[in-house]
Amino acid sequence: MAALRAAKQALRKEVKRRVATVTDDEKRRQSLVVSQKLFSHPKYMSSQRIAVFLSMKDELNTQEIIKDMFKCGKSCFIPRYESTSSHMDMLKVNSLQDIETLPLTSWNIRQPAKDDNSREEALASGGLDLILMPGLGFDRARNRLGRGKGFYDNYLERCKKHPKGKPYTIALAFKEQLCEKVPVDNHDVPIDEVLYEDEK
């Protein structure tokens, strides 16, 4: 277990170092390429209730995806992380303006306030069709290297208990986040698909 933790930590460092060398322009370019791939993806097109992350600087930018979701009339859910635990809820947001008014966390991400009880939580209602997943690293066997808090693994376990069942999961990645092999254990839930810019 300790060896696995150490291997994950080493890989996190390595991937962070790789992503840190990518220019802002290149991140923007890859983000648009992957967003376009997503827009024509059958799962995205057929999904009505979608959870999406608000991106940090070292993650694929999801701004265009969120805009498209509102334009297409899809229901958009974003994470509210509890910093003291590995609990996360997916709460509904109504517009880009709605997102801009949300408070910033210590990670500099906007999310609904802790005492904001006015929003629909995805699993308390109709569940989710699709979750767009962040992560630090991914391999071709669809294993995901998260930041070590277990937010998404725990949430997917909760999804399984919902009548709708586990939603389809698509990770959004820069090419630089692809790894030869991500070290995993039984608690790590593989994702259904990783979207990134293919090498021509």
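Relative contact order, percent, of the chain when contacts are C-alpha pairs under 8 Å separated by at least 6 residues?
The value is 24 percent.
Note down the magnitude of the dipole of region 6-125 about its Cα centre, charges +1 on Lys and Arg C-beta and -1 on Asp and Glu C-beta and zero elsewhere, to the nearest 20 debye.
500
Taking mean projected area of the Cα convex hull in nm² straight from the coordinates, which label in (1) 11.5; (2) 15.7; (3) 12.3 is the correct one?
Matching entry in (1) 11.5; (2) 15.7; (3) 12.3: (1).
Which value, in Å² rounded to 10, gives the accessible area of HIS87 with a 1.4 Å probe and all protein chains present?
60
Explain nothing, just the number: dipole magnitude of the chain about its Cα centre with +1 on each Lys and Arg Cβ and -1 on each Asp and Glu Cβ, in debye rounded to the nearest 20.
Approximately 260 debye in magnitude.
Excluding ligands, DNA and RNA, what is the solvent-accessible area per residue of the chain at a probe of 1.4 Å, expressed in Å²?
Per residue, the chain has 52 Å² of solvent-accessible surface.
Pull up all non-local amide H partners of ALA171: gap of 5 or more, or a different chain, and H-to-H distance under 5 Å with H placed in the peptide plane.
MET133, GLU193, VAL194, LEU195
Residue by residue, what Karplus-based ³J(HN,Hα) values in Hz, rounded to whole numbers, does region 165-172 have, using 6.51, -1.76 and 1.60 with θ = phi - 60° and x for Gly and Pro?
Here the 3J(HN,Hα) series is x, 6, x, 5, 10, 10, 8, 10 Hz.
Ratio of alpha-carbon Rg to the 2.2 N^0.38 Å globular estimate for region 7-83, to two decimals, please.
With N residues counted in region 7-83, Rg over 2.2 N^0.38 Å equals 1.28.
Between region 99-131 and region 30-71, what is the C-alpha centre distance in whole Å?
Answer, in whole Å: 17.
So for the chain, taking the charge dipole from beta-carbon charges (+1 Lys/Arg, -1 Asp/Glu), which of TYR168, VAL182, ALA113 sits furthest toward the positive end?
Projecting each Cα onto the dipole axis, the largest value belongs to VAL182.
The values are calculated or read from the model by the stated rules, or taken from the named source; none is laboratory data. Just so it is clear, the model here is predicted, and its values are computed rather than measured. Please note: Cβ atoms are built from the backbone with ideal geometry, for glycine as well, and neighbour counts cover all protein chains shown. Accessible surface is based on the protein model in full, side chains and every heavy atom, while ligands, DNA and RNA are left aside. Shrake-Rupley method; radii C 1.70, N 1.55, O 1.52, S 1.80 Å.
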